[in-house]
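A short worksheet on the structure shown next.
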Amino acid sequence: RRRSWEQLRALPESRIVACIEAHEEGGWRYEVTAAPPPTSLRDWIACHRPSSADIIGFVRQLAAMLGNLHAQGLVHLNIRPEAIHVDDSGAEPIYVLGGLHAATLHDQPELVAVEVDPRYAPPEAAGLARHSAGAGMCAWDWWSLGRVAQELILGHHVVNKLPDADPSWSPAMRSARAETLLLEHAAKGMRAGAVEVMVGLDSRLDLLLRGLLSSAVEKRWGAEFVDRWLRQKPVKDHYTVPRTDQKFRWRGRLYT
């Protein structure tokens, strides 16, 4: 954590909450960050119904933040509406990324211990307490970005839109249902991303979600694919490809 904190402090100027100082005393570690805007994305969603242009702006800003983190060898692993803060005092919302307590360097010799929230963690993390280190962990953050963008579009988590959703479910039951979805043990043919239930979705946003919420790590969009999507360049999703398919990357594209 000490190494990760120093990297977080050294991040270039960005819309990621600034890490100020840390000290240890009596077996405890204390970390001080700058105060983010008071409104979380969770609260903002409750009061707004964003347009397609708003969603694109959100993805553009968050993708830039993830690019800064990943370029420094860091992964966030905690992207969710509560970790994103909104300053909407200007012409368009400005997003600030906080929730850095799980952020870590992905280049580690040992397994990485991270608590999994199945609502926002990717399928490869489901049911695990320790996770394989390496640059592949960046794919976790891109999945989480897709899940939060999906929630921004719907106004609620996609679990609430599943065919068997029940308003009486407790938070624990919703979490358990989200994990079942990740494991693709739900309705026949339902992918972990559950983009299938979003009928009538704008075609450009549909492509984004299908790219970010691909069940297989190798096929999931990362920075280069999201950048192409933002620039409206041709880009393909691999949402329906089985997880077991092996692919290789050449000139920024995936091939069998």
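The values are calculated or read from the model by the stated rules, or taken from the named source; none is laboratory data. Being a predicted model, the structure only gives us computed values, none of them experimental. Positions of Cβ are generated from backbone atoms using ideal geometry, with glycine treated the same way; all protein chains shown enter the neighbour counts. Side chains included, ligands, DNA and RNA excluded: accessible areas come from the protein's heavy atoms. Shrake-Rupley method; radii C 1.70, N 1.55, O 1.52, S 1.80 Å.
Can you pull out the residues in the range 65-83 that are open to solvent by less than 60 Å² (accessible area, probe 1.4 Å) and among the aliphatic types (A, V, I, L, M)?
Selection gives M65, L66, L69, L74, V75, L77, I79, A83.
Go through (1) closer than 24 Å to V226 by Cα; (2) part of a loop (DSSP other than H, G, I, E, B) for W143 and report which single condition fails.
In the conditions (1) closer than 24 Å to V226 by Cα; (2) part of a loop (DSSP other than H, G, I, E, B), W143 misses (2) alone.
Please find, among V59, V86, V112, the residue that is of a type in the set (A, V, I, L, M, F, W, C), open to solvent by less than 20 Å² (accessible area, probe 1.4 Å) and modelled with pLDDT under 95.
On inspection, the qualifying residue turns out to be V112.
Go over the candidates R210, R191 one by one and state the one that is within 21 Å of D117 (Cα to Cα), among the charged types (D, E, K, R), at pLDDT 95 or above and crowded, with 16+ Cβ neighbours inside 10 Å.
Just a single option satisfies the conditions, and that option is R210.
For residues that are surrounded by 20 or more Cβ atoms within 10 Å (Cβ to Cβ) and not in a helix (DSSP H, G or I), scanning just the range 217-237, find the one that is farthest from the chain's Cα centre (by Cα).
Looking at residues that are surrounded by 20 or more Cβ atoms within 10 Å (Cβ to Cβ) and not in a helix (DSSP H, G or I), I get D237.
Looking at the range 60-77, is at least one residue under 20 Å from T104 (Cβ atoms) and either more than 19 Å from the chain's Cα centre (by Cα) or without any contact (Cβ under 8 Å) to a residue 40 or more places away in the chain (or both)?
yes
For E179, indicate whether it is open to solvent by 20 Å² or more (accessible area, probe 1.4 Å) and either of a type in the set (G, A, S) or free of Cβ contacts under 8 Å to residues at least 60 places away in the same chain (or both).
no
Do we have any residue at all in the range 35-42 that's part of a strand (DSSP E or B) and under 21 Å from the mean Cα position of the chain (by Cα)?
Scanning the range 35-42, I find at least one residue that is part of a strand (DSSP E or B) and under 21 Å from the mean Cα position of the chain (by Cα), so the answer is yes.
Taking E92 as the residue in question, decide whether it is closer than 17 Å to S40 by Cα and assigned to a loop (DSSP other than H, G, I, E, B).
In short, yes.
Table: residues versus (1) in contact (Cβ under 8 Å) with a residue 24 or more places away in the chain; (2) in a loop (DSSP other than H, G, I, E, B); (3) exposed (fewer than 13 other Cβ atoms within 10 Å of the Cβ).
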{"site": "R147", "(1), (2), (3)": "yes, no, no"}
{"site": "I153", "(1), (2), (3)": "yes, no, no"}
{"site": "N160", "(1), (2), (3)": "no, no, no"}
{"site": "D164", "(1), (2), (3)": "no, yes, yes"}
{"site": "S168", "(1), (2), (3)": "no, yes, yes"}
{"site": "R174", "(1), (2), (3)": "yes, no, no"}
{"site": "E184", "(1), (2), (3)": "yes, yes, no"}
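Out of the range 194-206, which residues are within 21 Å of the chain's Cα centre (by Cα) and open to solvent by 70 Å² or more (accessible area, probe 1.4 Å)?
The answer is E196, S203.
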